[in-house]
Amino acid sequence: MPELSKKLLKEMNKQIQEEIYSAYLYYQMSAYFENGNLPGFGHWMRAQGMEEVTHAQKFFTHILERGGKVELLAIAKPQTTWDSPTAAFEDALAHEVHITGRIHKLMKIARDEGDFAAEMGILNWFVDEQIEEEVSVGEVLDKLNLIEDNKNGLYMLDKEMASRIFTLNPAITW
Ligand code: MG
């Protein structure tokens, strides 16, 4: 297995930061929802945050398996509040679109370098995962847009959001 190039190593370390920031952002959104008496949304965002930590861990593991040096970078402070649940989910979707762009950038570098271990060993999985992430966040946003400011609808949707179960993805190597 070839060594990770300097360029790919740098971008993978940056991706650990991006994924941990994602967790940070979603935990902050979770607190926003809990404070706003929407515990189902809060629970959903907490599960989302947990999942992001596993994403960071997947890059962490890959770097180490390739004999690379993990370098943890500083994590920025997310904003602390949103105007509405819809505004929070709009931000979540925009953030996932940004992450998809990052993954595609990593894939492009791996392909340009002929790094098949990075492409098949980790990045393929993330390309698929990002499709799911955008779809799942987008579905919640569609429902929020459908109910608009209807309080009954929001109450029902909150109940639905509470049913999300976080399970560790077996593709994550610990
Ligand atoms: Mg992620």
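Starting from one equal scatterer on each C-alpha and no solvent at all, send me the Debye-based log10 I(q)/I(0) for segment 1-117 at q = 0.19 Å⁻¹, two decimals.
At q = 0.19 Å⁻¹ the computed log10 ratios are -0.96.
With a 1.4 Å probe and all protein chains left in place, how much of the accessible area of the chain comes from carbon and sulfur atoms, in whole percent?
Heavy-atom surface of the chain belonging to carbon and sulfur, 1.4 Å probe: 56 percent.
So what is the accessible area of the chain per residue, in Å², with the probe set to 1.4 Å?
Value for the chain: 55 Å² per residue.
Tell me what the chain gives for mean residue ellipticity at 222 nm when only DSSP H runs of n ≥ 4 count, each as -39,500 (n - 2.57), the sum divided by the residue total, rounded to 500 deg cm²/dmol.
Calculated from helices alone, the mean residue ellipticity at 222 nm is -24500 deg cm²/dmol.
Give a residue-ordered list of calculated ³J(HN,Hα) values for segment 58-72 (Karplus: 6.51 cos²θ - 1.76 cosθ + 1.60, θ = phi - 60°; whole Hz; x for Gly, Pro).
My calculation for segment 58-72 gives 5, 5, 3, 5, 4, 4, 5, 4, 8, x, x, 9, 6, 10, 7 Hz in order.
So what are the ³J(HN,Hα) numbers for segment 104-121, from phi and the Karplus equation (6.51, -1.76, 1.60; θ = phi - 60°), rounded to whole Hz, Gly and Pro as x?
The phi angles translate into 5, 4, 4, 4, 5, 4, 4, 5, 4, 8, x, 8, 5, 5, 5, 4, 7, x Hz.
For segment 94-140, what is one quarter of the convex hull surface built on the Cα atoms, given in nm²?
So the mean shadow area of the Cα hull is 2.9 nm².
So for segment 6-161, averaging the separation of alpha carbon pairs under 8 Å that are six or more residues apart and normalising by length, what relative contact order in percent results?
The normalised contact order for segment 6-161 reaches 28 percent.
With every protein chain present, what accessible area does Arg66 have (1.4 Å probe, heavy atoms only), rounded to the nearest 10 Å²?
Result for Arg66: roughly 20 Å² accessible.
Return P(r) of segment 52-174 (all Cα-Cα pairs; 10 Å bins starting at 0; whole %; ordered from short to long distances).
10, 33, 32, 17, 6, 0
May I have the convex hull volume per residue, in Å³, for the Cα set of segment 44-99?
Convex hull volume per residue, Cα atoms: 93 Å³.
Taking a 30 Å limit on the Cα-Cα distance, which of the listed pairs Lys6/Lys58; Lys7/Lys58; Lys14/Lys143; Lys10/Lys159; Lys58/Lys108 fall beyond it?
Exceeds cut-off: Lys14/Lys143; Lys10/Lys159.
The values are calculated or read from the model by the stated rules, or taken from the named source; none is laboratory data. The structure displayed is predicted, hence computed values, not measured ones. Protein only, heavy atoms only, side chains kept; ligands, DNA and RNA dropped before computing areas. Shrake-Rupley method; radii C 1.70, N 1.55, O 1.52, S 1.80 Å.
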